[in-house]
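Structure record follows, encoded as C-alpha cells.
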Amino acid sequence: MISAKVVNPFKALEHKGHIYKAGDTYPAEGFSADEERVYFLTGVHPKYKKIYLAEVVIDEQEPKADESEYPKHTGGGYYELSNGERVKGKDEAIEAENALKNGE
C-alpha cells in the first residue's frame with residue numbers, strides 16, 4: 001500500500017472528483033493509488049508549478065517489484081531501470097531496459 005501527505009489542495013478526477021485538502025492523506029479511504037500517479041503528484045506540476053504530495057510511505061509488506069515491472073515511472077518524464085539507472089523518456093527507458101535484459 002502506498003500513501004502520502006497532501007501539501008497543496010487538488011481535485012482527483014480518478015477518485016470520482018474527490019477534493020484533497022492540505023494535511024489530508026492520499027488516497028482517501030475507499031480509494032487506491034498507483035505508484036506512478038503518486039510520484040507524478042510529488043513532482044513539480046508542469047502547468048501549476050507546485051507539488052501536491054509529500055512524505056510518501058510505501059508499506060514494505062507488499063511484494064517487491066519484479067523485473068517485469070521495469071522500467072518504472074518515477075515522475076517528471078523519468079523512468080527507473082532494473083539496475084537503478086534513471087532514463088528520461090518512456091521509449092528510451094523501454095529500449096534501455098530491453099538492452100539490459102539482453103545483456104547488451
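The values are calculated or read from the model by the stated rules, or taken from the named source; none is laboratory data. Bear in mind that the values here come from a model prediction, so they are computed numbers and not experimental data. We place every Cβ from the backbone using ideal geometry, glycine too, and count neighbours over all the protein chains shown. What goes into the accessible areas is simple: the full protein's heavy atoms, side chains included, and nothing from ligands, DNA or RNA. Shrake-Rupley method; radii C 1.70, N 1.55, O 1.52, S 1.80 Å.
Confirm whether Ile58 is surrounded by 12 or more Cβ atoms within 10 Å (Cβ to Cβ) and either among the polar types (S, T, N, Q) or touching a Ser or Thr at 6+ places or on another chain (Cβ under 9 Å) (or both).
Values: surrounded by 12 or more Cβ atoms within 10 Å (Cβ to Cβ): yes; either among the polar types (S, T, N, Q) or touching a Ser or Thr at 6+ places or on another chain (Cβ under 9 Å) (or both): yes.
Criteria met by Ile58.
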Glu29 being within 30 Å of Ser82 (Cα to Cα), open to solvent by 90 Å² or more (accessible area, probe 1.4 Å) and either touching a strand residue (DSSP E or B) at 6+ places or on another chain (Cβ under 6 Å) or acidic (Asp, Glu) (or both): no
Any pair with Cβ under 7 angstrom, 6 or more apart, that starts in the stretch 81-102 at a residue that is small (Gly, Ala, Ser) and ends at one that is not in a helix (DSSP H, G or I): Ser82/Tyr70; Gly89/Gly77; Ala93/Pro71; Ala93/Tyr79; Ala93/Leu81; Ala93/Val87; Ala96/Leu81; Ala96/Val87
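Would you mention how many residues in the stretch 6-38 are charged (D, E, K, R) and more than 25 Å from Tyr79 (Cβ to Cβ)? Before you say what the answer is, go through the steps one by one.
Quick first cut of the stretch 6-38, residues charged (D, E, K, R) only: 11, 14, 16, 21, 24, 29, 34-37.
Restricting the remaining residues to those that are more than 25 Å from Tyr79 (Cβ to Cβ) gives 11, 16, 21, 24, 29.
Selection size over the stretch 6-38: 5.
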Taking only the stretch 32-48 into account, find how many residues are surrounded by fewer than 11 Cβ atoms within 10 Å (Cβ to Cβ) and either modelled with pLDDT of 95 or more or hydrophobic (A, V, I, L, M, F, W, C) (or both). 0
